[in-house]
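Scroll down for the structure; my scribbles are underneath it.
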Amino acid sequence: MAPSANCPTCRAALQLTNHDTFDSWVCPNGHGLAATLSELYERAQEDEIHAVWALAKASWVDHEPTEGKPCPMCQRLMVSISVGTDADEVDEGQPGDGPDTGEVPVDVCVVDQVIWFDVAELELLPADLPDPQPTAEQEAALSAIRQQFGSDYEDADESPAGFTDLLYNRVVHSPKAASAVNPRARADA
Ligand SMILES: [Zn+2]
Ligand SMILES: [Zn+2]
């Protein structure tokens, strides 16, 4: 990754942020975060990462984008793609691949292998605050997230501005789980 990076939206210098083994570059003004493809394996499921990269490359080869957000690193316009998400780590269409349960829109710089996660989609998620005691349904969603991402999800409360949670939610893309962990409640940190 380049020594410096700028937010595609506000041009502010992105701040390199480490959460456990996951490094990402976060906009100080809350527009989102950038992560390299290789770093993403620390946090996301392999089949979705494969799909993101395959789609981005195919789209890039087809025609370099003429509109979109500038790459935080090289300022080339990024490819905007959207991939389906599911609960398993089996590649799309392979035996054992479950049905897609959501969709994640991302912007990708194929040259730098950088993926930008825009925070705007977060606004589309239910804004309702969960009850102090989570419902059984919310507990089940949370426990599913913990299983997928390991116990270090427990430490996510300490992540700056909840951006790591945002990444989880963008990848898992479960509105129920998202409202249960309620990243927006921590977005003012
Ligand atoms: Zn910004
Ligand atoms: Zn780039």
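Some observations on this one:
- Among the residues making up the range 55-100, a single one is in contact with a Ser or Thr (Cβ under 6 Å, 6 or more places away or on another chain), within 16 Å of ligand 2 (Cβ to nearest atom) and assigned to a loop (DSSP other than H, G, I, E, B): GLY68.
- Subset of the range 7-24 [within 11 Å of ligand 1 (Cβ to nearest atom) and at negative phi]: CYS7, PRO8, THR9, CYS10, ALA12, ALA13, LEU14, GLN15
- Summed over the range 101-152, residues that are assigned to a helix (DSSP H, G or I), modelled with pLDDT under 60 and more than 16 Å from ligand 1 (Cβ to nearest atom) total 3.
- Candidate set: the range 1-21, residues that are of a type outside the set (Val, Ile, Thr) and touching a helix residue (DSSP H, G or I) at 6+ places or on another chain (Cβ under 6 Å); chosen: the one surrounded by the most Cβ atoms within 10 Å (Cβ to Cβ): HIS19
- The range 1-35, residues that are of a type in the set (A, V, I, L, M), in a loop (DSSP other than H, G, I, E, B) and modelled with pLDDT under 90: MET1, ALA2
- Cβ pairs under 6 Å, 6+ apart, first in the range 58-73 and closer than 21 Å to CYS27 by Cα, second within 16 Å of ligand 1 (Cβ to nearest atom) and of a type in the set (S, T, N, Q): PRO72/ASN6
- Exclusive hit being acidic (Asp, Glu) and free of Cβ contacts under 8 Å to residues at least 40 places away in the same chain, set GLU39, GLU103, GLU92: GLU39
- Among the residues of the range 75-85, those that are away from ligand 1 (no atom under 16 Å from the Cβ) and more than 15 Å from the chain's Cα centre (by Cα) comprise ARG76, LEU77, VAL79.
- Some residue of the range 36-54 being in a strand (DSSP E or B) and either under 21 Å from VAL119 (Cα atoms) or of a type outside the set (S, T, N, Q) (or both): yes
- Residue under evaluation ASP88, criteria (1) farther than 17 Å from VAL111 by Cβ; (2) under 17 Å from the mean Cα position of the chain (by Cα); (3) within 16 Å of ligand 1 (Cβ to nearest atom), criterion not met: (3)
The values are calculated or read from the model by the stated rules, or taken from the named source; none is laboratory data. Treat the numbers as computed from the prediction; the structure is a model and nothing was measured. Note: ideal-geometry Cβ built from the backbone for every residue, glycine included; neighbour counts use all protein chains shown.
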